[in-house]
Amino acid sequence: MITIDEFQELAARAGLTDCGLVEARKINFSHDVRKMCEQNTCRMYGKTWACPPAVGTIEECRDRCLQYDRFLLFSCKYDLEDSFDFEGMTAAMADFKVKARAFEASVKPCLKRYLMLANEGCGECGTCAYPDPCRFPDRVHGSIEAYGLFVSELATAAGMKYNNGPNTVTYFGGLFY
Ligand code: SF4
């Protein structure tokens, strides 16, 4: 079984800032987080297989996740020019998705099976095929928010920083394994 030290080394090699473990059975799958998705501030609701309603209900997401015993939260911190640097945030989000893929590629040989989630979902294709069939079902990264995961709570449980201070943004992904 891969250790937290090994995960941390692979995360660092993928350019991520931090990672930490949480027992899957202790995770709260929150309807309130899902409600935030439904407000559609990220404009991804109903646009991708990685987001609601396509990912299924919170109960279905929870059942999918609880096929695994462990959860690794991982993050990457980005510096911004200021708190209104939306261009910086967009670029950081795109970079985070690349890093999450690089991390996945490095952990894949060490895990029999897993479920990978990332901030605001998949990002594998320029435009998601939804509602047509997913082009790469084995490469989907579900949205961590869509699964009802309360990232700030999980960061505390994993001993990680949720907020890295003014003029930064920190994005999170998760790995059930
Ligand atoms: S792999 Fe492509 S088609 Fe499938 S969910 Fe991701 S972005 Fe959409």
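Things to note:
- Across segment 1-85, Cα pairs under 8 Å and at least six residues apart give a relative contact order of 42 percent.
- Gyration tensor (alpha-carbon) shape descriptor, the chain, a/c threshold 1.5: rounded
- Among Ala12, Ala94, Ala157: highest mean-square fluctuation, GNM of the chain, C-alpha pairs under 10 Å: Ala94
- Cα-based Lys pair tally, segment 51-177, threshold under 16 Å, eight or more apart or on separate chains: 4
- Counting heavy atoms of the protein chains alone, Tyr162 has an accessible area of about 120 Å² for a 1.4 Å probe.
- The GluC sites (Glu not before Pro) found in segment 72-163 that occupy coil by DSSP, while having at most 11 further C-beta atoms within 10 Å, are Glu81.
- Alpha-carbon centroid distance for the pair segment 102-177 / segment 6-75, whole angstrom: 6
- In segment 4-108, the trypsin sites (Lys or Arg not before Pro) that fall in loop regions by DSSP, at most 11 other Cβ within 10 Å: Arg43
- Taken about its Cα centre, the chain carries a charge dipole of roughly 520 debye when the Cβ of each Lys and Arg holds +1 and the Cβ of each Asp and Glu holds -1.
- Within a straight-line Cα-Cα reach of under 20 Å, Lys35 can be paired with the following lysines, leaving aside sequence neighbours fewer than 8 residues apart in one chain: Lys47.
- With DNA, RNA and ligands ignored, accessible area of Val151 (1.4 Å probe; Å², nearest 10): 20
- Difference of contour (0.36 nm per residue) and Cα-Cα distance, Thr156 to Glu9: 50.8 nm
- Neighbours of Tyr78 by Cβ distance under 15 Å: Lys/Arg scored +1, Asp/Glu scored -1, total -4.
- Segment Arg139-Asp69, length gained on full extension (0.36 nm per residue, minus Cα span): 23.1 nm
- Computed with a 1.4 Å probe over protein heavy atoms only, the accessible area of Leu10 comes to about 30 Å².
- 15 Å beta-carbon shell around Glu23, net charge (K/R +1, D/E -1): +2
The values are calculated or read from the model by the stated rules, or taken from the named source; none is laboratory data. Source: prediction; values computed, not measured. In this analysis, Cβ positions are derived from the backbone assuming ideal geometry, glycine residues included, and neighbour counts consider all displayed protein chains. Ligands, DNA and RNA are stripped out before the accessible areas are found, and what is left, the full protein with its side chains, is counted by its heavy atoms. Shrake-Rupley method; radii C 1.70, N 1.55, O 1.52, S 1.80 Å.
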